[in-house]
Amino acid sequence: MVSLGGTHRPPGLASVCDDMGDLRSFGEASLFERPRQGIGDGDMSPAADVEGPASFLEATLHGMAVKAHDRVSLERLLTIGRIAMKAWPISGEDRARD
């Protein structure tokens, strides 16, 4: 519901649309928290890209939610997830070298 909720703005529902957009933004910001903590703890390079991979993951999750809504098979969703994880950087140092 959050993936598509409020993406169209019918008159009179602007506040609902804004609230759904806020929920999507909160979800993406939540994905930034743990990598930033890893940088602060010294587990990841300060040069590591936090926003790019987290935004990619969030976009993938929303796309998978739409696919699930459209009754795509579990096997297809798992395939999408496996492909997405191959794009995820292995470590901050590896990402910083790219």
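Of the residues making up region 55-76, those that are over 20 Å from Glu28 (Cα atoms), free of Cβ contacts under 8 Å to residues at least 24 places away in the same chain and not in a loop (DSSP other than H, G, I, E, B) number 3. Pairs linking a residue in region 12-34 that is under 14 Å from Glu58 (Cβ atoms) to a residue that is of a type in the set (D, E, K, R) and assigned to a helix (DSSP H, G or I), with Cβ atoms under 6 Å and 6 or more positions apart or on different chains, are Glu28/Glu58; Leu31/Glu58. Which residue is surrounded by the fewest Cβ atoms within 10 Å (Cβ to Cβ), if the candidates are limited to region 32-54 and must be part of a loop (DSSP other than H, G, I, E, B) and of a type in the set (A, V, I, L, M, F, W, C)? Among those residues, the one meeting the criterion is Ala47.
Since every read-out is calculated from the coordinates, none of them should be taken as a lab result. None of these values were measured; they are calculated from a predicted model. No Cβ is skipped: glycine too gets one built from the backbone with ideal geometry, and neighbour counts run over all protein chains shown.
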